[in-house]
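Below is one structure, written out as structure tokens; comments come after it.
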Amino acid sequence: MELTFAIIFGLLFGFALNRAGATNPENIINMLRLNDLRLMKAIIFAIGLSAAALFSGLAIGFIDPAHISIKTAYIGVLIGGALLGIGFAIAGYCPGTGLAAFATGRKDALFFIIGGLCGAFIYTLSFGWLAENTAVFTDIAGGSVSLAQTGNDKYDALITSVPGTVIGVGFGLVMMIIAAVLPVHLLGPKTAPDQDD
Amino acid sequence: MCKGVLPWMAGGALLALAFFLAVLFVKPIGVSTQFVIADAAVWDIVQPDIIVADDTAKSGYASPNAYLNKSGGKYAAAAKDLLNYSFVFVLAMMGGAALSAILKGDKPHSATQKTMPPVWENRFGNQTAKRYIACFIAGFIVLFGARLAGGCTSGHMMSGMMQTALSGYIFALGAFATAIPLAILLFNRTTR
């Protein structure tokens, strides 16, 4: 059953990435250089809508809070994110979209994937040393925490004075509004002929 | 961003559906861990004692490598049995993207576009070797960074922020703090 879910949701996610334009490095680079923010609008809207749906579902008992999985916040999240951003800007691929782009016939994505396998392997070899000799795994603000209460006791919430549903759904609505008001074009000459829609 | 791509709100809604259904039925979506799992599976073939059965480990497997041995040998166990949820999910994701591209989705429309996007060609020329080397280096940095961060754009930014995870916001801050200035620096000049 679990593998059936893996196949269905994997297919859906890959399909969605492609239809949102995220498997095309042109769209990623144009987003990052603030030239064409339609993909940014799509991503912010997706985060907002899924957050609103998730916290609504949790509130009415439709979603099992055990499915919540909050990753730990530590110094390395910021450093690792900053490193990822460098490669993201150069190639126009991130791990998921690189794999998906290769599947749509992009050969440069294969080199990104091979580089990724090498980078992940070097990290695998470095982890023990990093854990022993550096402070990169030092938790930030309690580590595995969320802003909103999720109903899963494994994770603490940073904001406890307001119900999790209000924060989660409120955050979702704010993101959807940001997605709507964000301009399509900010910097550089307009590249796409249909950029105004 | 025209042919085969949905308007931003429809594209975003489709992405949201994927992230929502994954949490509803199983767990939040993540991708970058599977690069480690693929590496470990190959490593285990080359050097069979890198993943060993161990009844005292939570996952049933242990490794002399600290990363594969972390969390009760979770990664070691996944590499031993690649037919697990997260690995199959990523393979299916590639299938879904391919399917979408075949069904009039977004795909490269020329031999050059198969090797580089136009924005790259305009700035750095059409030598494929240059683009491939840059992509290899970028991939290296991206996956090293993603593993250091404990997740990537899918796991931290999308799945993390939808759950209001503090780590998701910190990750997004770090990623855009370098990606946006660098992309502007690299690509917002016209030299050709």
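The values are calculated or read from the model by the stated rules, or taken from the named source; none is laboratory data. Everything numeric here is computed off the predicted structure, so don't read it as measured data. Reconstructed Cβ throughout: ideal geometry from the backbone, glycine too, with neighbour counts over all protein chains shown. To get the accessible areas, we keep the full protein, side chains included, count just its heavy atoms, and leave off ligands, DNA and RNA. Shrake-Rupley method; radii C 1.70, N 1.55, O 1.52, S 1.80 Å.
If you go through segment B:143-169 one residue at a time, how many are under 18 Å from A:G87 (Cα atoms) and part of a helix (DSSP H, G or I)? Spell out the reasoning first.
Quick first cut of segment B:143-169, residues under 18 Å from A:G87 (Cα atoms) only: B:143-157.
This time we only want the ones that are part of a helix (DSSP H, G or I), so: B:143-149, B:153-157.
The total comes to 12.
Which residue, of A:T150, A:T97, is assigned to a helix (DSSP H, G or I) and among the polar types (S, T, N, Q)?
A:T97
Can you name the residue in segment B:18-51 that is free of Cβ contacts under 8 Å to residues at least 12 places away in the same chain and among the β-branched types (V, I, T) and is also surrounded by the most Cβ atoms within 10 Å (Cβ to Cβ) among such residues?
B:V42
Going by the structure shown, is A:I178 open to solvent by 20 Å² or more (accessible area, probe 1.4 Å), over 24 Å from B:D39 (Cα atoms), more than 8 Å from every other protein chain (Cβ to nearest Cβ) and not in a helix (DSSP H, G or I)?
On the way: open to solvent by 20 Å² or more (accessible area, probe 1.4 Å): yes; over 24 Å from B:D39 (Cα atoms): yes; more than 8 Å from every other protein chain (Cβ to nearest Cβ): yes; not in a helix (DSSP H, G or I): no.
The answer is no for A:I178.
Go through segment A:112-130 and count every residue that is open to solvent by less than 60 Å² (accessible area, probe 1.4 Å) and more than 7 Å from chain B (Cβ to nearest Cβ).
2
Just a yes or no: is a residue in segment B:9-17 more than 21 Å from the chain's Cα centre (by Cα), surrounded by fewer than 20 Cβ atoms within 10 Å (Cβ to Cβ), under 30 Å from B:Q113 (Cα atoms) and more than 7 Å from chain A (Cβ to nearest Cβ)?
yes
Could you grab me the full set of residues in segment B:159-169 that are among the polar types (S, T, N, Q) and either open to solvent by 10 Å² or more (accessible area, probe 1.4 Å) or within 7 Å of another protein chain (Cβ to nearest Cβ) (or both)?
B:Q163, B:T164, B:S167
Per-residue answers, yes or no, for (1) more than 7 Å from every other protein chain (Cβ to nearest Cβ); (2) in contact (Cβ under 8 Å) with a residue 24 or more places away in the chain:
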{"residue": "B:G150", "(1), (2)": "no, no"}
{"residue": "B:M157", "(1), (2)": "yes, no"}
{"residue": "B:F171", "(1), (2)": "no, no"}
{"residue": "B:L182", "(1), (2)": "no, no"}
{"residue": "B:F187", "(1), (2)": "no, yes"}
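All but one of (1) in a helix (DSSP H, G or I); (2) crowded, with 24+ Cβ neighbours inside 10 Å; (3) not β-branched (V, I, T) hold for A:A53, so report the exception by its number.
(2)
Go through the residues of segment A:124-141 one by one and say whether even a single one is assigned to a helix (DSSP H, G or I), among the acidic types (D, E) and either without any contact (Cβ under 8 Å) to a residue 12 or more places away in the chain or on the phi > 0 side of the Ramachandran plot (or both).
Scanning segment A:124-141 turns up at least one residue that is assigned to a helix (DSSP H, G or I), among the acidic types (D, E) and either without any contact (Cβ under 8 Å) to a residue 12 or more places away in the chain or on the phi > 0 side of the Ramachandran plot (or both).
Name the one entry in A:A141, A:A109 that is of a type outside the set (V, I, T) and open to solvent by less than 50 Å² (accessible area, probe 1.4 Å).
None of the other options fit; the residue is A:A109.
Considering only segment B:48-65, I want to know if a residue exists there that is modelled with pLDDT of 95 or more and within 7 Å of chain A (Cβ to nearest Cβ).
Within segment B:48-65 (the criterion being modelled with pLDDT of 95 or more and within 7 Å of chain A (Cβ to nearest Cβ)), the answer is yes, since at least one residue qualifies.
In a helix (DSSP H, G or I) and either crowded, with 24+ Cβ neighbours inside 10 Å or touching a Ser or Thr at 6+ places or on another chain (Cβ under 9 Å) (or both), is that true of A:G76? Please lay out each step first, then the result.
Working: in a helix (DSSP H, G or I): yes; either crowded, with 24+ Cβ neighbours inside 10 Å or touching a Ser or Thr at 6+ places or on another chain (Cβ under 9 Å) (or both): yes.
Here the answer is yes, as A:G76 does meet what is asked.
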